[in-house]
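Structure, as structure tokens:
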Amino acid sequence: MKRIWFAILLSFYFTTGMLAKGNYAFKADSRLSEGKWVKIETGVSGLYQIPYSLLNEMGFKNPDKVGVWGKGGRVYSINFTDASEALPYSDDIEQIAVIHDNNSLYFYAQGVENIVFETGKTPLFRRNAMNIYSNSGYYFLSDCEDPCLAAESESEGMTHELLQGWGYVYHEKDLQLNTTNTGQLFWGESLLNPETPSSWTLPSPLMTSGTAHLAYRVYTSPSSNGTIGIELKDSESPYSFTFSSFGTDKFWEYPATASANSIEYKVKASECVTLRINATNSNADFINLDYWILSYPKILPETGGISANAYEHYSFAVTAGESYSLPLPENYRVLDITIPRKAVRGRRLSENPSAVGIKASSDAMSLIVYDNDRQQRQITGWKEVTNNNLHALQQTGADLLIVTVPRFRTYAEQIAELHRIHDGITVAVATPEEIYNEFSGGCPDPMAYRAFARMLYNSSAARLRNILLLGPSDRNIRHNVSGETIFDRIIAPQQPNATPGRDASPAYDLYGIMADAINETQLYREKMEVGVGLLSCETESECEKAIRKIGEYLEDDSQAWRVNETLTIGGLHDNHTHGQQAEDFGNYIRQYPKTEGIAHTTIAVDAYGNENARRRFVSALDNGKNFTVWFGHGARVMLGNDKKFFTTSEAASLTNHNMGFMYMGGCDFSVPDIRARGLGESIVLDADRGMVGAIVSTRTAWSNQNYDLGKRIITGWLAPENTDISPTIGEIYAYAKSGTSSSNSMTFILAGDPALRVPSPLRNIDISVQNSVSASEKVKVSGTICDKNGNPDYSFNGKIVLKLMEPARMLRSKDYETGTCNIPVKITNGVETTVYYTLDVTYDTELIAAFETDVTGGRFEIVMTVPEKVLTFTGRDARLVAGAYDKSRKLGAGGESFLTITGQPAEGSERDMDPPRIEISYDNSRDEISVSITDDTALSLDAGSYVALLDGKRISINHDSYCETGATDRQFLGYIDISGTACGTHTCSVLASDLAGNKSSAETTFEKIPRTAPLSVTLSSKAAADEIEITVEGIFSVPLDYEIIDSEGKLIWESRENTGSIFWDCRDIQGKRAAPGLYRVRVRETGKSSPSLYSEWQNFAVLQ
């Protein structure tokens, strides 16, 4: 089945498509906020009975005072102002009418099916939109002074006798989510086998002779034709129709409207019916039944006439306001369920005790006739409900809403606390069932999420900006998953399929659209006011990794290095189409209005080939990129389409220190709505480093539209609504997805925490520097942070990084591989000529050196030493790019200037002529040689820039802390590990040069002697797979410093602990799994009076 939106409703939507938030008023508090509540589960629609003994078991002391609240299994409209076939929305659970009798509570429950009786041209039952998110209905029980007893009918005076009404036989099985496994269209049995017609024999209690009416819906595949026959056993005139689908899938529904002629069958009195459907002369790939429903004439029961059930359902075509009588045995009762929540009891007529009277409230009246001496339907489950009041959050509001499954609640609270601490925002956390209980009557329904978000969005205290969905989501939460209930998954709503056979996109965006009435079939045209992001974690360890990455990102105080750094990669094939897109997109960012100093890098895979391009891509990420964009083919496991450029395994092995965001403009990068994770999510969730957020496609996507969406993303980043604070990735996503012209945008989702801010250069930097410079010259650079109109921003305080780039150069590449992997050939007069498609790419971000300083009161000043390397570019213009970031205001700035490189310094200029100073010292207790290099201007902080020799052989210098690429300072501190060196006399020399090219060297001779460590270390094993216990022996006081190095002497993990026994989880300082190999561990005491001596090294291995 599916939710069908009719033409008249679509017309309404098209005229109201971009409404702002409406006037729907939410209740101040939830009914569930106080008192005792029990949630019960029901099955199909019908009369239910709960014995008082079970109410006592539930904890109700006065079962005769128990009432019922809810709407059962019915689904709400996704609109606040128009319901169509669904229930009009209400955020309150309404009390329904009940009966207390026979020491039991009786009530009419609505199931997930939605069968309505219509008195049109022919009275018949119609199947309207059913709930595709649950197989059960739900109600709430509570004790109260007024249990809302069903009123007795007001029938009076002359009555019209009813001896016969209408019943129905209904068949529908949601066996498959159509051929695409997407959307809202479920269907049932296949009708393709002409040799074995599909046949169903179902009860038709109290059917009498007369005319029955059939309604059905069948789906057929594209470009197919044939004949479908529908036969009702023992009836006259079998029905058949010819179908033909030209180029598209099609559903065949009859009758399509209430005014259409029905399919009629002459039937005889029978307690069951058999319906057969078969397709003949068909070339269809699929023909599937959705449902069929047979309306049949039904007589009233006599004594004992209700056999299969304890009740029977009847509908009648009557006149509203008139009174009617039904001749029924004394033990039979009548309940008018025309308005289900306001059920009315039939009245035994005093003037005719053998009949029950009822007054019609509608021209279409529905009744339950039941045997009061027999047991009615029983509930299928119950549980107590803890008092909760999400409605009260209207008073405090929330900037961020985190929806999470119960088992991940603790992790959601940790994410919430990180944002409260670092962003100072208000965060609400709720589980799906908590939201359903208050916003959809306890039944799974996507409208519950949208309504909760809308309520928070309406709050005057703090308007909702972002929603994070933490945990698994599912497009079909009804299917069974071992160890899970439907409340352990988040609904992944789908766009409705207009026809089967076409992939429908996930519609998580629905939760962020705040308008009263929306067009569900064209969500891409709607305005998305709230960003929606997914962290589709499946395990606790994945949650822990996500929290670590979020926390690390929020704590990062080095954003000035990346605030204006962007990267695009264009994939192979299609005659350089994607490489050209990458280059054009880079120019779009560079030239964005009123934005200065963008340092953009373009990598065209065509220009380098897969392996070389991958190295450049990984290197660019290592250098730090704020935003990365991919244009090209893609799949769940890779960027590109041949697994040769970048796959999920490469993503998992990324080691970039600083994490940024990515837009993947390609196809099928992840499918979270069936829990099929791909590269798009893996680079966020599975990679220890990689990205902290990504906008990725979940279905087939089209190149030109992907490019356009990328431009909208950049606009959301560089020109947000609020220009005084960097936007969150959720706000960027919401802007990019709002009011687009193509449904292509619906295929994209945001993987990551939407409340993370993307540093944006919303301020410009006015740089003051001389026009020309030469190698080794000391140049003063100063400037001011200004708004886009040039007004100084004296409140800006933070860091600024100046990056001196090599002069721009443009390279031309030719296509060596086309989309068909053949060299294109042009034939002229019988002569073959190879045709090349050229691609010109600009390279202007090759870094020479970088300089960092403070910005105070909107101003900065620094003396920059021009590196010796610029001599290569004499006579050309080098670009000086500046990026600044004020972490307290979460505000970035960018600027640039150009410096002409000259061969000689200007007259009177100051040059750096002094060599650096090197100090070398040996510490026998640490088995280390300490290296200190200082300079009066600037040194590289890259340990690889310096040369160390031990006894004439080169040896690595290690640097304790991470350094940004190109970073400089006046001092470099490092160490050389010589723990593996034999005792005796050794000579160590170090060679260094400063940025200006001034060189110096130093040498020391030392005696390494045997040492006795005051502490010893024992290991639980010599090989570790997941963890290893490290135990310290000896007399010591805490704290203790633990250090682990790899086989090359590089420090990979260290920690200060207040215990002599710890477990190491085989992860490095960054939380990344340590590679298989050999490692060493040592410990030292760090007390104030301790000798600070290390233990001896202990060797062990980390296994695969």
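Below is a table of values for the structure above.
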read-out	value
Cβ pairs under 6 Å, 6+ apart, first in the range 1059-1085 and in contact (Cβ under 8 Å) with a residue 60 or more places away in the chain, second among the aromatic types (Phe, Trp, Tyr)	Arg1080/Trp1097; Arg1082/Tyr1094; Arg1082/Trp1097; Val1083/Tyr1042; Arg1084/Tyr1094; Glu1085/Phe1036
Wholly enclosed strands (runs of 3 or more DSSP E) of the range 563-650 bearing at least 1 residues crowded, with 24+ Cβ neighbours inside 10 Å, touching a Lys or Arg at 6+ places or on another chain (Cβ under 8 Å) and hydrophobic (A, V, I, L, M, F, W, C)	565-570, 599-604
Any chance Tyr511 is among the aromatic types (Phe, Trp, Tyr), under 23 Å from Ala734 (Cα atoms), modelled with pLDDT of 95 or more and part of a helix (DSSP H, G or I)	yes
Among the residues listed as Glu1043, Glu1054, Glu1029, the single one being touching a Lys or Arg at 6+ places or on another chain (Cβ under 6 Å) and in a strand (DSSP E or B)	Glu1043
Within the range 760-785, tally of residues that are surrounded by fewer than 20 Cβ atoms within 10 Å (Cβ to Cβ) and in contact (Cβ under 8 Å) with a residue 24 or more places away in the chain	8
Of all residues in the range 517-550 being basic (Lys, Arg) and outside any loop (DSSP other than H, G, I, E, B), the one that is nearest to Arg463 (Cα to Cα)	Arg525
Hey, Ile78 under 26 Å from Glu433 (Cβ atoms) and either in contact with a helix residue (DSSP H, G or I) (Cβ under 8 Å, 6 or more places away or on another chain) or not in a loop (DSSP other than H, G, I, E, B) (or both) or not	yes
Cβ pairs under 8 Å, 6+ apart, first in the range 598-614 and of a type in the set (Ser, Thr, Tyr), second surrounded by fewer than 17 Cβ atoms within 10 Å (Cβ to Cβ) and assigned to a strand (DSSP E or B)	Thr601/Tyr843; Thr602/Thr842; Thr602/Tyr843
Residues located in the range 988-1007, provided they are surrounded by 13 or more Cβ atoms within 10 Å (Cβ to Cβ) and assigned to a strand (DSSP E or B)	Cys988, Ser989, Val990, Leu991, Ala992, Ser993, Ser1000, Ser1001, Ala1002, Thr1004, Phe1006
Hey, Gly321 assigned to a strand (DSSP E or B), small (Gly, Ala, Ser) and within 15 Å of Glu154 (Cα to Cα) or not	no
Filter result for Trp200 (closer than 20 Å to Asn309 by Cβ and hydrophobic (A, V, I, L, M, F, W, C))	yes
Lone unmet requirement of (1) buried (at least 19 other Cβ atoms within 10 Å of the Cβ); (2) within 30 Å of Ser199 (Cβ to Cβ) for Leu335	(2)
Unique match (being outside any loop (DSSP other than H, G, I, E, B), in contact with a Pro (Cβ under 8 Å, 6 or more places away or on another chain) and within 27 Å of Ala546 (Cα to Cα)) among Ile732, Ile695, Ile714	Ile732
Candidate set from the range 249-279 (those that are among the hydroxyl-bearing types (Ser, Thr, Tyr) and surrounded by fewer than 14 Cβ atoms within 10 Å (Cβ to Cβ)); member that is modelled with the lowest pLDDT	Ser259
Every pair of residues 6+ apart whose Cβ atoms lie under 6 Å, when the first sits in the range 580-591 and is among the basic types (Lys, Arg) while the second is part of a helix (DSSP H, G or I)	none
Test: residue in the range 962-975 that is in contact with a Pro (Cβ under 7 Å, 6 or more places away or on another chain), closer than 28 Å to Thr1005 by Cβ and of a type outside the set (Val, Ile, Thr)	no
Qualifying residue in the range 972-987 (condition: in a loop (DSSP other than H, G, I, E, B) and among the hydroxyl-bearing types (Ser, Thr, Tyr))	yes
Any hit, the range 663-676, residues being buried (at least 24 other Cβ atoms within 10 Å of the Cβ), assigned by TED's automatic domain parsing to the domain that holds Pro593 and in a helix (DSSP H, G or I)	yes
Meets criteria (buried (at least 21 other Cβ atoms within 10 Å of the Cβ) and not assigned by TED's automatic domain parsing to the domain that holds Ser979) for Leu891	yes
Condition met for Glu351 (acidic (Asp, Glu), within 26 Å of Ser142 (Cβ to Cβ) and surrounded by fewer than 22 Cβ atoms within 10 Å (Cβ to Cβ))	no
Sole residue being surrounded by fewer than 19 Cβ atoms within 10 Å (Cβ to Cβ), under 30 Å from Leu32 (Cα atoms), in contact (Cβ under 8 Å) with a residue 40 or more places away in the chain and of a type in the set (A, V, I, L, M), chosen from Ala398, Ala392, Ala308, Ala343	Ala392
Matching residues, the range 333-362, being in a strand (DSSP E or B) and within 54 Å of the chain's Cα centre (by Cα)	Arg333, Val334, Leu335, Asp336, Val344, Arg345, Ile358, Lys359
Residue that is surrounded by the fewest Cβ atoms within 10 Å (Cβ to Cβ) [pool: residues in the range 697-719 that are closer than 11 Å to Tyr733 by Cα and of a type outside the set (Gly, Ala, Ser)]	Thr715
Cβ pairs under 7 Å, 6+ apart, first in the range 468-486 and within 24 Å of Ala546 (Cα to Cα), second part of a loop (DSSP other than H, G, I, E, B) and acidic (Asp, Glu)	Leu468/Asp753; Pro472/Glu538
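The values are calculated or read from the model by the stated rules, or taken from the named source; none is laboratory data. Owing to the predicted nature of the structure, the values given are computational and were not obtained by experimental measurement. All Cβ positions, even for glycine, are placed from backbone atoms using ideal geometry, and neighbour counts span all protein chains on display.
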